[in-house]
């Protein structure tokens, strides 16, 4: 079942949520990159170990860009630009 999380960042703090990926809970933190003028996401396990950091790439309405392809085997993490939501399939 796909879960949806609204992306509602603020200028004062990093934005985060905790999705389940490949059966485990992770922390996804989005931070603003002042030099590139866009967001990056970092994915951490619950022990605080960074799994991956990558630019937040948005998917159009008619196709999916899986942000965690190559890092997780069964889960997908998609950022949908049109709805400003993360879509997670565990």
_Scope the stretch 64-73; condition touching a strand residue (DSSP E or B) at 6+ places or on another chain (Cβ under 8 Å) and assigned to a loop (DSSP other than H, G, I, E, B); matching residues_ = 64, 65, 66, 67, 68, 71
*Going through the stretch 17-39 one residue at a time, which ones are at pLDDT 95 or above and loosely packed, with under 15 Cβ neighbours inside 10 Å?*
18, 20, 22, 23, 24, 25
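The values are calculated or read from the model by the stated rules, or taken from the named source; none is laboratory data. None of these values were measured; they are calculated from a predicted model. Reconstructed Cβ throughout: ideal geometry from the backbone, glycine too, with neighbour counts over all protein chains shown.
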